[in-house]
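Accompanying notes for the structure given below.
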Amino acid sequence: MPADAIQFEPLAEDALLLRFGDRIEPVLNDRVHAAVAALRDLPSLECVPAYASVLLRFAPAAWQGDEAASAHQRVERAARIALETRHAPAGAGRIHEIPVCYGGPHGPDLHELAQHLGLSGTVVVARHVGVDYRVAMLGFAPGFPYLLGLDPTLAMPRRRDPRTRVPAGSVAIGGAQTGIYPAELPGGWHLIGRTPLRLFDADASEPSLLAAGDRVRFRAIDAEEFADLDAARHR
Amino acid sequence: MSVRVLKPGLLGTLQDRGRPGHAAIGVGRAGAMDLPAWRLANALVGNRGNEAALECTLLGPTLRFERATWIAITGAPIAARAGDTDLPTWTACWLPAGSVLQLGRMAAGCRSYLAVRGGFDVAAVLGSRSSDLHAGLGRALQTGDTLPVGNAASSAAPANHPHALPWRLDPRPWFDFAQTPLMLLPGSHHAQLDEVSRQALHTGTFRVASDSNRTASRLDGARLQLCAPLELISEATLPGTMQLPPSGQPIVLMAEAPVTGGYPRIGQLAAADLPRLAQRRPGDPVCFRRGTLEQAADRLRRREHALDALYRQIARRLQHDGLLLA
C-alpha cells in the first residue's frame, strides 16, 4: 500500500491518526482493514479502525523520542514501513449469517419506514437481506457494528426523538447506515427487526461476535424461530 | 476479607488503570479519572500493581470493614472519620476490625480515592476491574454491596483503634487547588472555528456544567461556532478530545470516552491536565491556554518521572517504618 496518500495527524501525546479520506466509501474502508492487518503486529500499539481512518495509540515510554525524532515520528516511520512492506492480506473477513425477525413487535418501525420510502414492508425486507454487508467499524457501544452496503433506497433520516431504550439485538436503519444494537441502549435509528443472537458478551473469550472487516448477511426468520433461537441461547 | 457498603455516597465506582486494547470492538479504557491520585492511594497502602480502588464523587460512602486493614485516601480533600476519630488523607491509616469509615463531602474538587491494602478484588472484565458505566461494564456502588478485598500480607495490628502513619504526602503537586488554566492543543478542526470563537476558547472562562460525568465534561460559557458547518464521518476519539456538537457547547471527553465520534474535534487537552479537569466540579471555572504537542508530551514525561520517584520513596518509607510488608 503506498503510504504517501495517507494523512498522518498526531492527536495526543500517545496517539497518531492515519487518515485515508473523509467519506464513507467501501474502497477507503478496505484500505483501513488492510492497514490494520499490516500494523497489528507492531509492538506497544493499539489500532482503532473507523470508516476511513485508523488510530494508533501507543505506549509513549516504549516509543520514547529523542532529539533526532519524537515518539510520533518514530511511530509514523514504523507505520509507513509496515504499510509498504507487509502485504498482509486484508482478508475477506469472516462471514456471519444473522437471523432477523423483521417487523411486528421486533421491528416496530418497519411499517413507518416502508411508508416513508413508498415501498411495501416485504420489499424493504427483501432489499435488506439481499446484500452482503461489511463491518466498517465498531463503536458507539461495545460490539455495535456500523455496516457498509445498505441499499441506498432504504436510507431514511434518524428519528426526531430518539428512544431512551432500544432492545438488545435490534436491527436498525439510521440515515444511509444500518447496524445492530448489541445491548439495551438509547438510540435514534429506525428499528426494522431483531436478532436473537448475542453480539457482545464481556465474559466470552471473544467478546464481540463481529470484528471490523467481517462480512454480515441477514436471514429473515419468523417469530417462532426467533423464540426458539432465543430460548436456545438462554438454555 | 470484605467491605460492606452501608451508604453508597453520590457515585462510587471501582477503578484501576483501565481497560486498554479493546477500542476496536467498541470498548473504551475507563479507569480512574485522576490516575496519579489513584496510584498514590495504592502506593500508600503498599499495593504495587493495578489494584482497584474506590473512586468517590463529591460525597463519599459509609463502609464497614469486616477485618482490620490499612487504607489510604487521596484526590479531592474529603472529611473522613472512623468511629469518633478524624482520619487524615494522603497517608495510610490503620482500621481495626469492625470499623465504620464515614467519608463526607469534598471541601473542593470532585473525586477522592480510597485504596485498601490488597485492593478491591471484584472479578476483572476484559482484564480490568474498572467500572465503565457508559459501556455497561460494572456498576456504581449500592447499599448492601459486599466488596471483596484481595489477600495481602500485613504486619500485626499496631493498635486496636484507628490510627494514621506519622507522615503524609504533600497533596499540592497532585491536587490543583488554584484551578490553574489547562493546556489545550489545537484539534483537527480548530482552524475552522470562527475568529470570535477561537478567541473565546483561548481567553474566555468556561464553567463545568452540571450534566458532566465520567464520559464527558461539558463546558458552559461562550457558544462556539465554526465558519461553516462540517459534514464529518466517525473517527476514533480519546479522553481529552474536545468536541463541538451543533449546540456550540464544547465538551471534553473523559475516562469513559466513547471510542469513536463524529463531532468536530476542536482541541485535545494535554494528558497531564486530564486529572485537573476531572477534579473540577459543576460550576468550577475552566480556562485554556494554548500549547504544543511537544510541550504536552514533555509535561507528561516530567509528571510520570515525579510520580515514579514519589512511588519509590513511599515504598522505601513504608518498609523503613515496618508497618506494611510492601
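The values are calculated or read from the model by the stated rules, or taken from the named source; none is laboratory data. Model, not experiment: these values are computed from the prediction. Here the Cβ positions follow ideal geometry from the backbone for every residue, glycine too, while neighbour counts run over all protein chains shown. Each accessible area value is taken on the protein alone, full model and side chains, heavy atoms only, with ligands, DNA and RNA left out. Shrake-Rupley method; radii C 1.70, N 1.55, O 1.52, S 1.80 Å.
Comparing B:Thr89, B:Thr292, B:Thr13 in a Gaussian network model of chain B where C-alpha atoms under 10 Å apart are linked, the largest mean-square fluctuation is found at B:Thr292. Among the residues of region B:254-268, those with an accessible-area drop of 50 Å² or more from chain alone to full protein complex, heavy atoms and 1.4 Å probe, are B:Thr260. For the protein assembly as shown, a Kirkwood radius taken over Cα pairs fed into Stokes-Einstein (20 °C, viscosity 1.002 mPa s) yields D = 85 µm²/s. Whole Å is fine, so just give me how far the alpha carbon centre of region A:1-68 lies from that of region B:259-326. Comparing the Cα centres of region A:1-68 and region B:259-326, I get a distance of 25 Å. Take the Cβ-Cβ distance between A:Val131 and A:Ala61 as r, set R0 to 45 Å, and report the resulting FRET efficiency rounded to the nearest 0.05. Computed FRET efficiency for A:Val131 and A:Ala61: 0.45. Rg and Dmax over the alpha-carbon atoms of chain B stand at 20.3, 68 Å.
Entry note, chain A: relative contact order of 19 percent, from Cα contacts under 8 Å with a spacing of 6+ residues. Excluding ligands, DNA and RNA, the accessible surface per residue across chain B is 40 Å² with a 1.4 Å probe.
Could you work out [θ]222 nm for the protein assembly as shown from helices alone, using -39500 (n - 2.57) per DSSP H run of at least four and dividing by all its residues? Round to the nearest 500 deg cm²/dmol. Intermediate values should be presented prior to the final figure.
Working: 9 runs with 111 residues, N = 561.
Counting only the DSSP helices, I get -6000 deg cm²/dmol.
Between the C-alpha center of region A:87-138 and that of region B:1-34 there is a gap of 35 Å. Counted by Cβ distance under 13 Å from B:Tyr311, the other residues give a net charge of +4, where Lys and Arg count +1 and Asp and Glu count -1.
Defining a contact as two alpha carbons under 8 Å apart and six or more residues distant in sequence, what relative contact order in percent does chain B show? It would help to have the intermediate numbers written out before the result.
Numbers: 816 pairs, mean separation 66.2, N = 326.
Reported relative contact order: 20 percent.
Summary of the geometry: region B:63-129 and region B:170-212, compared by the centres of their Cα atoms, lie 31 Å apart. Using a probe of 1.4 Å on the protein chains alone, the accessible area found for B:Ser210 is around 100 Å². Note on B:Ser2 and B:Asp298: the extension gain reaches 102.4 nm, defined as 0.36 nm multiplied by sequence separation minus the Cα-Cα distance. For the residues B:Leu182, B:Leu141, B:Leu293, a GNM of chain B with alpha-carbon springs under 10 Å puts the largest fluctuation on B:Leu293.
What is the antiparallel percent of DSSP beta bridges lying wholly in region A:95-234, to the nearest 5?
Working: 23 of 30 bridges.
Roughly 75 percent of the DSSP beta bridges within region A:95-234 come out antiparallel.
Gaussian network model of chain B, Cα springs within a sub-10 Å range: biggest mean-square fluctuation belongs to which of B:Trp167, B:Trp90, B:Trp38? Top of the fluctuation ranking is B:Trp167.
Count the net charge of all other residues whose Cβ sits under 12 Å from the Cβ of B:Asp145, scoring Lys and Arg as +1 and Asp and Glu as -1. Each step should come with its number before you reach the end.
Working: positive: B:Arg4, B:Lys7, B:Arg64, B:Arg139; negative: none.
Residues close to B:Asp145 contribute a combined charge of +4.
Taking label positions 7 Å along the Cα-Cβ direction at both A:Ser44 and B:Glu66, the computed distance is 4.1 nm, reported to one decimal. The modelled label-to-label distance for the pair A:Ala220/A:Glu184, using points 7 Å beyond Cα in the direction of Cβ, is 3.0 nm. The distance between label points at B:Ala107 and B:Ala79 comes to 1.1 nm (points 7 Å beyond Cα on the Cα→Cβ vector). If you take all other residues with their beta carbon under 10 Å from the beta carbon of B:Arg17, and give Lys and Arg +1 and Asp and Glu -1, the sum is +2.
What shape does chain A take by its C-alpha gyration tensor, where a ≥ b ≥ c are the square roots of the eigenvalues and a/c under 1.5 counts as rounded, a/b above b/c as prolate, and the rest as oblate? Before the final figure, lay out the partial values.
Details: a/c = 2.38, a/b = 2.04, b/c = 1.17.
Since a/c reaches 1.5 and a/b is larger than b/c, the shape of chain A is classed as prolate.
Please work out how much length the chain gains when fully extended from A:Leu229 to A:Arg160, using 0.36 nm per residue of separation minus the C-alpha to C-alpha distance, in nm with one decimal.
On the way: separation 69, 0.36 × 69 = 24.84 nm, distance 3.29 nm.
Gain on extension, A:Leu229 to A:Arg160, equals 21.5 nm.
Here the calculated FRET efficiency for A:Ala176 and A:Phe8, from their Cβ-Cβ distance with R0 = 30 Å, stands at 0.60, rounded to the nearest 0.05.
Shown here for region A:1-81: GluC sites (Glu not before Pro) in loop regions (DSSP other than H, G, I, E, B) with at most 10 other Cβ atoms within 10 Å, namely A:Glu67.
Across region B:182-291, C-alpha contacts under 8 Å between residues 6 or more apart give a mean separation that, scaled by the residue count, equals a relative contact order of 41 percent.
On the protein heavy atoms, probe 1.4 angstrom, tell me the percent of accessible surface of region B:1-136 carried by carbon and sulfur. If you can, show how the numbers build up before the last one.
Working: 2090 of 4110 Å².
It is 51 percent, rounded to a whole number.
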